[in-house]
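See below for the structure under consideration.
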Amino acid sequence: MDHKGDSDSYASAGNLAPPPPPTGRRVVMGIKDVSDLEELELPSETMPLNMGPSHPAMHGTVRMVMEVEGEKISSADIQVGYLHRCFEKESEYATYTQIFPYTDRLNYVSPMLNNVGYALAVEKLLEIDKKVPERAQYIRVIVGEISRITDHLTCLGASAMELGAFTPFLYNIKFREWLWELLEELSGARLTHSYVRIGGVSGDLTEGFGDKLRDVLRRGREVLVDVDKLLTRNRIFRDRMDGVGIITKEDIGAWGITGPMARASGVAYDIRKDHPYLVYGDLDFDVPIGSVGDNFDRFAVRIEEMHQSMRMIEQALDKIPDGPVMLNDPRVALPAKSETYNSIEAMISHFKLIMDGIRVPPGEVYSFTEGGNGELGFYIVSDGTGRPWKCRVRPPSFANTAILGKVLPGLFLADVVPTFGMVNMIGGECDR
Amino acid sequence: MSQLVLDRLKERFTAGEILETGSQHGNEWARVRRDAWRAVAEFLRDDPATRMDMFVDLTCVDRFGREPRFDVVLHLYSLDKKLRVRLYGAVTEEEPSIDTVAPVWPGANWFEREAYDLYGVRFRGHPDLRRILMYPEFVGHPLRKDYPKEKRQPLVRRDPGRVD
């Protein structure tokens, strides 16, 4: 994804073509040159500057305490935790099924991916992860990829808006709403779906779901073309994104950065490809990687990932087999309603599963999936009861946000907004 | 899957340092003696056969009723070799401290702060061991099993204009 060589595209666009930046000079925000500023020896004192926890240019509750020399950041202390809702502590008191609503609220722009990741972890402990019906696995891939698209749409739309481009935000949100309408049709809730269950999913695809989804994707591709036109060749947008917030390949592993951020820096680590789970091994898709590792690469990788997700969804819709969507195993599946109301055995079984929870054999598992922002891991310690001894989530946003303390120093204050936007810190997931 | 990592560890370290190894649900794990924690971490990162260049996760488990009470749990991954491993470092309740791995992988910094915040395990040599999810005036460590879920905290009053 080399985007450095297309400055001549302005000339071909005809009128009002801005001159290409002189080579060898780093231009920031189109007007300033860093080297010029460094030569000016103005007497300056550093000043503490507080941004957040509630700031109009930051879509997340995070506080940054920075030292600035004029416009330049000399140190940054990123303080998270404002959205801590005791996910782990609450999970220790909830049955395995009751944790699904909590996982919805981790990354609340892609709840399905959290649902799927958590279900897979518990299924590994129960050793039923390979036995989940194939149709349910395909449905999980479809809803998961829909969630990935909504996640990226939110990230890109909100970031563009913070840089002054309001229209792409509205376009993205429009597309996101079409997808959420479909998920609402499936699960009954627009945002907090709790659709996945241990052993399968809570219900089959609705009548005509596939056709509606294909239609939404067709319209969605048009939206992405519009957004791409509005942003990728937009001089203001490019000047604030290009070459800003560069993360090197070496830092990726050491800081535990995963997902689109890692791929933008040239690390082709995608769990769907490297350690396939569900039916990702049967699907044909590419992993886009960046070459520079700046904000624009993170933007471009996310755009391309949405196209790949759409490819995956269409393949999955073609390949999805008929069959049950829930594992027929009385240890995890509730008996059919007709049985529950008409036989004492089924009613007791239903009661036990609801009140005691699904009994998971003692053991420990670390299960990882590709979440919207990177490696979403669940580390569950079971003591053999219906409630986990420990249910830890390895939040991708937490590791991704931590590197801001290293990336921000040296940048201008205005660069905080696009850099933070492209990290896509999701408060619910970062602070749990 | 990642048996190789455990074999390398057993070759390099003595049985007194790598106390136990095993594999469960596709995860390979090793139990490391507390004073060898940092050396094992550095070895796994630098050894050409394992090259654990990616820090994945660090957390703690309160095994209430067992002695030693806490386990610090570290997950590592090798981007090159696609290997994974989980390390346990047991920590006692009387002296809940273990060496930091933040100088080995800078990403461990925040995860260790979180483990300190929620479990009260101190990481020796950590550059900046502050609370991260809770506020500085919080009393106790909420994920310990003897911290009641419904416990209330004293009301804190902040001085206006304080920067921290």
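The values are calculated or read from the model by the stated rules, or taken from the named source; none is laboratory data. As the structure is a computational prediction, the values presented were derived from the model and not from experiment. Neighbour counts run over all protein chains shown; Cβ positions are idealised from the backbone, glycine included.
Descriptive notes on the structure:
- Residues within the stretch B:37-79 that are buried (at least 19 other Cβ atoms within 10 Å of the Cβ) and over 30 Å from A:ALA268 (Cβ atoms), tallied: 9
- Where strands (runs of 3 or more DSSP E) fall entirely within the stretch B:1-90, those with at least 3 residues that are within 18 Å of B:TYR119 (Cα to Cα) are at B:54-62, B:70-77.
- Cβ separations smaller than 9 Å between residues 6+ apart or across chains give the following pairs from the stretch B:42-55 residues that are more than 12 Å from chain A (Cβ to nearest Cβ) to residues that are in a loop (DSSP other than H, G, I, E, B) and among the hydroxyl-bearing types (Ser, Thr, Tyr): B:PHE43/B:THR50; B:LEU44/B:THR50; B:LEU44/B:SER78; B:THR50/B:SER2; B:THR50/B:SER78.
- Screening the candidates A:ILE403, A:ILE380 for the property of being buried (at least 18 other Cβ atoms within 10 Å of the Cβ), of a type in the set (A, V, I, L, M, F, W, C) and within 22 Å of A:VAL80 (Cβ to Cβ) yields one hit, A:ILE403.
- Against the test of being of a type in the set (A, V, I, L, M, F, W, C) and either more than 13 Å from chain A (Cβ to nearest Cβ) or in contact with a Ser or Thr (Cβ under 8 Å, 6 or more places away or on another chain) (or both), the options B:LEU58, B:LEU79, B:LEU83, B:LEU143 yield a single qualifying residue, B:LEU83.
- Residue within the stretch B:99-114 that is farther than 28 Å from A:ALA268 by Cα, part of a strand (DSSP E or B) and either more than 9 Å from every other protein chain (Cβ to nearest Cβ) or hydroxyl-bearing (Ser, Thr, Tyr) (or both) present: yes
- Across the stretch B:51-60, a minimum of one residue is classified as of a type in the set (D, E, K, R) and at pLDDT 90 or above.
- Residues that are of a type in the set (A, V, I, L, M, F, W, C), within 14 Å of chain B (Cβ to nearest Cβ) and part of a helix (DSSP H, G or I), drawn from the stretch A:220-257: A:ILE252, A:ALA254
- Scan of the stretch B:61-85 for residues that are aromatic (Phe, Trp, Tyr) and modelled with pLDDT under 90, ordered by number: B:PHE64
- Matching residues, the stretch A:58-107, being closer than 19 Å to B:PHE111 by Cα and among the hydrophobic types (A, V, I, L, M, F, W, C): A:VAL62, A:MET64, A:ALA76, A:ILE78, A:VAL80, A:LEU83, A:CYS86, A:PHE87, A:LEU106
- A:LYS124 meets the conditions (1) more than 12 Å from chain B (Cβ to nearest Cβ); (2) at pLDDT 90 or above; (3) in contact with a His (Cβ under 9 Å, 6 or more places away or on another chain) in every case but one. The failed one is (1).
- Cross-chain or 6+ apart pairs with Cβ under 8 Å, the stretch B:27-38 first and within 13 Å of chain A (Cβ to nearest Cβ) and within 16 Å of B:PHE70 (Cα to Cα), then in a loop (DSSP other than H, G, I, E, B) and modelled with pLDDT of 90 or more: none
- Residue within the stretch A:223-231 that is surrounded by fewer than 18 Cβ atoms within 10 Å (Cβ to Cβ), acidic (Asp, Glu) and more than 30 Å from A:ARG135 (Cβ to Cβ) present: yes
- Test: residue in the stretch A:289-311 that is hydrophobic (A, V, I, L, M, F, W, C), crowded, with 17+ Cβ neighbours inside 10 Å and either more than 30 Å from A:LEU404 (Cα to Cα) or free of Cβ contacts under 8 Å to residues at least 24 places away in the same chain (or both): yes
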